[in-house]
Ligand code: UDP
């Protein structure tokens with residue numbers, strides 16, 4: 001069933017994975033908010049993961065459109081309103097990803113924490129679990145549905161609720177480093193860390209609220225690069241390096 005996954009891989013026992021992608025990961029090289037070729041590639045990557053037996057939930061950020069904290073810092077709009085706009089941005093991204101997945105033959109449905117029943121299903125835990133059990137990919141939109149949070153927190157929250165084995169966070173770098181690898185050539189990538197080690201070494205894996213929830217829920221976090229070809233399956237099968245933070 002595991003297809004491409006090596007027996008030695010720490011993910012061998014994982015079945016249900018929540019993949020978190022930032023909105024920026026969907027952007028085109030010319031700065032347009034969505035890259036359609038990239039979406040096709042992402043959909044075929046997720047298709048490969050589902051064919052290998054993984055159940056996949058996705059949380060897509062909205063940073064390619066709006067980040068509420070940055071927008072409200074300008075002073076003319078309050079934070080909750082700007083965050084509402086940010087959450088709406090995540091719905092737009094999620095609908096694009098859902099469409100690309102369906103076109104690739106992967107049954108997918110968007111479920112939004114912010115209710116908009118004429119556009120997509122409203123998120124509820126039991127129906128989401130049911131979709132996953134039926135082999136559908138759930139694209140979880142609208143973040144947590146509350147201002148002052150990020151989609152990293154939404155990813156960990158949903159992963160805990162939906163009994164995911166891990167959150168796979170695809171980022172700009174291929175793991176968690178001892179220092180910023182762009183600034184310090186001596187920075188080393190960790191293969192494996194515990195949550196407590198990450199905190200003790202002050203390593204930035206996710207924002208503080210998200211990481212605290214992951215630690216409390218004993219949820220594993222896999223950090224790898226979004227830039228690797230077929231990044232999700234490459235991180236899962238170990239062809240692309242990563243760091244696993246596990247209890
Ligand atoms: N957001 C929010 N509540 C949430 C999740 C997201 O208010 O639970 C808003 C917030 O304004 C945030 C924006 O949506 O800046 C986009 O999400 P995020 O910054 O996490 O996107 P990413 O950086 O992953 O692309």
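The values are calculated or read from the model by the stated rules, or taken from the named source; none is laboratory data. The structure displayed is predicted, hence computed values, not measured ones. Heads up, the Cβs are rebuilt from the backbone with ideal geometry, glycines too, and the neighbour counts pull from every protein chain shown.
Which residues, counting only those in the range 44-72, are more than 21 Å from residue 160 (Cα to Cα), in a loop (DSSP other than H, G, I, E, B) and more than 8 Å from the ligand (Cβ to nearest atom)? Within the range 44-72, just 52 meets the criteria. Tell me, yes or no, whether the range 110-125 has at least one residue that is outside any helix (DSSP H, G or I), touching a residue at least 60 places away in the same chain (Cβ under 8 Å) and surrounded by fewer than 20 Cβ atoms within 10 Å (Cβ to Cβ). No, the range 110-125 contains no residue that is outside any helix (DSSP H, G or I), touching a residue at least 60 places away in the same chain (Cβ under 8 Å) and surrounded by fewer than 20 Cβ atoms within 10 Å (Cβ to Cβ). Residues in the range 90-108 that are within 13 Å of the ligand (Cβ to nearest atom) and within 15 Å of the chain's Cα centre (by Cα): 5 in all.
For the range 72-89, the criterion of being closer than 19 Å to residue 169 by Cα and surrounded by fewer than 22 Cβ atoms within 10 Å (Cβ to Cβ) is met by none of the residues.
One residue stands out in the range 126-145 among those that are in a loop (DSSP other than H, G, I, E, B) and more than 14 Å from the ligand (Cβ to nearest atom): the one that is surrounded by the most Cβ atoms within 10 Å (Cβ to Cβ), namely 136.
With respect to being within 15 Å of the ligand (Cβ to nearest atom) and modelled with pLDDT under 95, residue 114 falls outside the description.
Please pick out the residue among 200, 209, 228, 246 that is free of Cβ contacts under 8 Å to residues at least 12 places away in the same chain and over 14 Å from the mean Cα position of the chain (by Cα). Outline the logic, then answer.
Numbers: 209 fails: free of Cβ contacts under 8 Å to residues at least 12 places away in the same chain; 228 fails: free of Cβ contacts under 8 Å to residues at least 12 places away in the same chain; 246 fails: free of Cβ contacts under 8 Å to residues at least 12 places away in the same chain.
Only one candidate qualifies: 200.
For first residues located in the range 35-62 and free of Cβ contacts under 8 Å to residues at least 40 places away in the same chain and farther than 16 Å from residue 109 by Cα, partners that are within 16 Å of the ligand (Cβ to nearest atom) and in a strand (DSSP E or B) and lie 6+ apart or on another chain with Cβ distances below 8 Å do not occur. Looking across the range 147-161 at every residue that is within 14 Å of the ligand (Cβ to nearest atom) and without any contact (Cβ under 8 Å) to a residue 60 or more places away in the chain, the one that is nearest to residue 20 (Cα to Cα) is identified as 157.
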